[in-house]
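Below: the structure, in structure tokens.
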Amino acid sequence: MLGVLGGMGPLATVDFMQKIIALTEASKDQEHLPMLVHNVPQIPDRSACILQGSEDPFPALLRGLRSLERGGAECVVIPCNTAHYWFEKLQKHAQIPMISILECVQSHIRKHQFKKVGVMATSATVSAVMYQQLIEDDGRACLTPDQEMQTLMMDAIYDIKAGRLEQGSQRMKVVFDDLIAQGAEAVILGCTEIPIGLADVVKTSPEQCIDATALLASACVEWYSCQEAREAA
């Protein structure tokens, strides 16, 4: 059973689950990947903690992890990019394996050998250089929005969280187009609200979109398939 440490935000968690379902080859209910979902939106704001030193979300994240472990989860994922700031710390406390969204994205970039990659993410994720570090450590160039574009990015993310999908989508498209204009071969959609807002762009220009949520979902399906194969053997 896959454990999903979600709620950051709730719509992004549902989008992640839908992507797992869409990626699973199944002809009936029983062939789908079993998920135990901790969808608790009251986890303190990750960005506010990183940027402003406000309430630490780690205790709530750890409680969620423990809840999933007690419920029978055999692997845990977090469909929130910014929450991966605490991934290694959580992993040290975990009694079961965890799959990192950052590593999923890094593997995709290596596979496609992009030389210049843009990053769309929360200001906290950008400030913590979570994706920039992975990209630059591989000898690739990384582009991030300037201050004006990053402010627009955050407004767009909170638009999606608040259900203002059209407004959020329009703002995200401006940031995406700006990074492509600067020479990004592809752009990491590094916040789980972004693939929701840029759903049309993902459909029309998939080669330019590195959908972190979809890559994590794909890794989960692969993990489940491997577990089934081992049990069958």
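The values are calculated or read from the model by the stated rules, or taken from the named source; none is laboratory data. Here the structure is a predicted model, which means the values were calculated and not measured. For neighbour counting, all protein chains shown are included, and Cβ atoms are generated from backbone atoms with ideal geometry for every residue, glycine included. The accessibility values were calculated without ligands, DNA or RNA, using every heavy atom of the protein model including side chains. Shrake-Rupley method; radii C 1.70, N 1.55, O 1.52, S 1.80 Å.
For Met98, the residues whose amide H sits under 5 Å from its own are Val76, ignoring neighbours fewer than 5 places away on the same chain, with H placed 1.01 Å from N. Compute the whole-percent fraction of alpha carbon pairs in the chain spaced more than 27 Å apart. Above the 27 Å cut-off, the chain has 31 percent of its Cα pairs. Computed with the Debye formula from one identical point scatterer per Cα of region 12-106, without solvent, the log10 of I(q)/I(0) at q = 0.10, 0.25 Å⁻¹ comes to -0.30, -1.50. Listed values for region 220-227 are Karplus-derived 3J(HN,Hα) couplings in whole Hz (6.51 cos²θ - 1.76 cosθ + 1.60, θ = phi - 60°), namely 5, 5, 5, 4, 5, 4, 5, 5, and x replaces Gly and Pro. Whole-Hz Karplus values for region 122-134 come out as 5, 4, 5, 4, 5, 4, 7, 6, 5, 7, 4, 4, 4 Hz, taken residue by residue from phi with 6.51 cos²θ - 1.76 cosθ + 1.60 and θ = phi - 60°; glycine and proline positions read x.
With runs of 4+ DSSP H residues as the only contributors, calculate the mean residue ellipticity of the chain at 222 nm using -39,500 (n - 2.57) per run, divided by the residue total and rounded to the nearest 500. Intermediate values should be presented prior to the final figure.
Working: 12 runs with 130 residues, N = 233.
Rounded to the nearest 500, it is -17000 deg cm²/dmol.
If you roll a 1.4 Å probe over the chain with all protein chains in place, what percent of the accessible area is carbon or sulfur? With neighbouring chains kept in place, the figure for the chain is 48 percent. Centre-to-centre, using Cα atoms only, region 166-218 and region 35-78 are separated by 25 Å. Here the relative contact order of the chain, from alpha carbon pairs under 8 Å that lie six or more residues apart, stands at 23 percent. Here is the size of region 54-174 from its Cα atoms: Rg then Dmax, 16.3, 45 Å. Counting every pair of alpha carbons in region 23-74, the share spaced more than 18 Å apart comes to 52 percent. Rounded to the nearest Hz, the phi-derived 3J(HN,Hα) couplings of region 50-65 under the Karplus curve 6.51 cos²θ - 1.76 cosθ + 1.60 (θ = phi - 60°) are 5, 8, 10, x, 6, 3, 6, x, 4, x, 5, 4, 5, 4, x, 4, where x marks glycine and proline. Scaled against 2.2 N^0.38 Å for its residue count N, the alpha carbon radius of gyration of region 107-233 is 1.13.
When the C-alpha to C-alpha distance is required to be over 32 Å, the pairs from Lys89/Lys111; Lys89/Lys116; Lys89/Lys173 that qualify are Lys89/Lys173.
At 1.4 Å probe size, with every protein chain present, just tell me what the per residue accessible area of the chain comes to in Å².
On the way: 11110 Å² over 233 residues.
I get 48 Å² per residue for the chain.
The loop-placed GluC sites (Glu not before Pro) in region 7-71, going by DSSP, that have at most 14 neighbouring Cβ atoms within 10 Å of their Cβ come out as Glu25, Glu55.
Overall, the chain carries a charge dipole of about 320 debye about its Cα centre when +1 sits on the Cβ of Lys and Arg and -1 on the Cβ of Asp and Glu, all other atoms neutral.
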